[in-house]
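I have placed the structure first, in the form of structure tokens, so that the comments after it can refer back to it.
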Amino acid sequence: MSSSEFNAVAQQIIKARTEACAIDPISGAYPHFDMDDAYAIQKLVNAARVDDGGRVVGYKIGLTSKAVQEQLGVGQPDYGVLFADMELRQGEVLDTSGLIAPKAEGEIGFAFKNDIDRSDLTLMELQAEIDFFFPVIEIVDSVVRDWKIGIVDTIADNASSARYMIGTKTFSPRGVDFGELPLTISAPQGEIKGVGRACLGNPLYATHWLVKKLIELDVPVKRGQIVLSGAMAPMVPITPNSEIAFDFEGLERLVLTSR
């Protein structure tokens with residue numbers, strides 16, 4: 001594919017993010033783009049952010065629901081990059097004015113105590129490398145108007161990353177069955193139930209996929225970086241002046257307030 005096309009789309013995404021203004025689907029304008037092309041665009045968008053002073057602190061996994069994968073016609077998750085300025089702490093208010101159409105997801109995050117750079121990493125080895133885990137709210141947002149996205153659209157747009165909210169507690173991974181961790185979301189639209197196994201069968205399985213993928217790409221997860229493993233329940237729309245509570249039973253209750 002033409003590098004000029006990649007650059008043009010990357011600049012379109014950067015402008016849309018800067019102005020918080022939606023654009024038409026990338027996949028509609030460039031139907032010949034595939035997933036590799038989309039990641040090439042994502043790399044350009046994120047490189048511009050680094051050049052502007054952004055600091056990478058980890059990664060997020062998307063498309064961990066089999067139903068969503070089938071809807072988009074793909075057989076694997078996708079990923080995006082997390083930057084330091086994406087972090088919100090419990091109690092901070094989310095300013096929606098800089099976002100386009102934000103939604104919230106409840107997830108499990110992992111932090112690592114060493115670089116993860118073994119290409120034949122086993123699931124047991126992955127668990128041994130987890131320093132701690134934590135409940136987290138990921139705020140996703142799409143530059144594509146009305147979330148009319150395909151796989152190319154979301155990957156190019158850094159896997160629809162926007163913000164993430166952490167709580168005050170961290171937990172040891174020893175003896176935890178992540179697939180059975182329950183979640184209850186209380187939103188203006190009603191109550192939604194979720195569970196860890198909704199995330200590719202287990203948040204650990206999704207994380208294992210990601211760390212091996214990043215090793216293949218020669219950008220392994222580094223010591224101290226975090227991974228947001230994917231949604232435990234459907235996304236919830238965020239509206240200004242609203243409150244959404246995410247009760248990770250037995251762990252922590254996180255409340256997202258927006259303005």
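Of the residues that sit in region 153-172 and are of a type in the set (Ser, Thr, Tyr) and assigned to a loop (DSSP other than H, G, I, E, B), which one is farthest from Phe110 (Cα to Cα)?
First pass over region 153-172, keeping only residues of a type in the set (Ser, Thr, Tyr): 154, 160-161, 164, 168, 170, 172.
Right, trim to assigned to a loop (DSSP other than H, G, I, E, B) and you get 168, 170, 172.
On the way: Thr168: 14, Thr170: 9, Ser172: 10 Å.
Across region 153-172, the extreme among qualifying residues is Thr168.
Name the residue, out of Gly224, Gly201, Gly230, Gly194, that is outside any loop (DSSP other than H, G, I, E, B) and within 24 Å of Tyr79 (Cα to Cα). Let's see the steps before the verdict.
Working: Gly224 fails: outside any loop (DSSP other than H, G, I, E, B); Gly201 fails: outside any loop (DSSP other than H, G, I, E, B); Gly230 fails: outside any loop (DSSP other than H, G, I, E, B).
Exactly one of Gly224, Gly201, Gly230, Gly194 is outside any loop (DSSP other than H, G, I, E, B) and within 24 Å of Tyr79 (Cα to Cα), namely Gly194.
I'm told Val56 meets every condition in (1) more than 17 Å from the chain's Cα centre (by Cα); (2) of a type outside the set (D, E, K, R); (3) surrounded by fewer than 18 Cβ atoms within 10 Å (Cβ to Cβ) except one. Can you identify the failing condition by its number?
The number of the failed condition is (1).
Of all residues in region 46-73 being modelled with pLDDT under 95 and β-branched (Val, Ile, Thr), which is farthest from Val227 (Cα to Cα)?
If we take residues in region 46-73 being modelled with pLDDT under 95 and β-branched (Val, Ile, Thr), then Val68 is farthest from Val227 (Cα to Cα).
Being under 30 Å from Val195 (Cα atoms) and outside any helix (DSSP H, G or I), is that true of even one residue in region 16-28?
No, because not a single residue in region 16-28 is under 30 Å from Val195 (Cα atoms) and outside any helix (DSSP H, G or I).
If Asp85 satisfies all but one of (1) farther than 24 Å from Lys43 by Cβ; (2) modelled with pLDDT of 95 or more, what's the number of the condition it fails?
(1)
Are any residues in region 177-201 at negative phi and surrounded by 19 or more Cβ atoms within 10 Å (Cβ to Cβ), and if so, which ones?
Matches in region 177-201: Phe178, Leu181, Leu183, Ile185, Gly194, Gly196, Ala198, Cys199.
From Glu191, Glu180, grab the single residue that is farther than 19 Å from Thr207 by Cβ and modelled with pLDDT of 95 or more.
The match here is Glu191.
Any residue in region 81-110 that is touching a residue at least 60 places away in the same chain (Cβ under 8 Å) sitting within a Cβ distance under 7 Å of a residue that is among the basic types (Lys, Arg)? List the pairs, counting only those 6 or more apart or interchain.
Between residues of region 81-110 that are touching a residue at least 60 places away in the same chain (Cβ under 8 Å) and residues that are among the basic types (Lys, Arg), the close pairs are Leu82/Lys60; Met86/Arg163; Leu88/Arg163; Val93/Arg259; Leu94/Arg163; Asp95/Arg259; Thr96/Arg259.
Restricting the search to region 221-259, which residues are surrounded by fewer than 18 Cβ atoms within 10 Å (Cβ to Cβ), in contact with an Asp or Glu (Cβ under 7 Å, 6 or more places away or on another chain) and either of a type outside the set (A, V, I, L, M, F, W, C) or over 22 Å from Pro188 (Cα atoms) (or both)?
Answer for region 221-259, where residues must be surrounded by fewer than 18 Cβ atoms within 10 Å (Cβ to Cβ), in contact with an Asp or Glu (Cβ under 7 Å, 6 or more places away or on another chain) and either of a type outside the set (A, V, I, L, M, F, W, C) or over 22 Å from Pro188 (Cα atoms) (or both): Lys222, Arg223, Arg253, Thr257, Arg259.
Looking only at region 30-50, filter to residues that are in a helix (DSSP H, G or I) and free of Cβ contacts under 8 Å to residues at least 12 places away in the same chain; which one of those is nearest to Val219 (Cα to Cα)?
Looking at residues that are in a helix (DSSP H, G or I) and free of Cβ contacts under 8 Å to residues at least 12 places away in the same chain, I get Lys43.
If only one of Gly75, Gly62, Gly53, Gly58 is touching a residue at least 40 places away in the same chain (Cβ under 8 Å) and more than 21 Å from Trp147 (Cβ to Cβ), which one is it? Step through it out loud before you land on a result.
Numbers: Gly75 fails: touching a residue at least 40 places away in the same chain (Cβ under 8 Å); Gly62 fails: more than 21 Å from Trp147 (Cβ to Cβ); Gly53 fails: touching a residue at least 40 places away in the same chain (Cβ under 8 Å).
The match here is Gly58.
The values are calculated or read from the model by the stated rules, or taken from the named source; none is laboratory data. Keep in mind the model is a prediction, meaning the values are calculated, not measured. Positions of Cβ are generated from backbone atoms using ideal geometry, with glycine treated the same way; all protein chains shown enter the neighbour counts.
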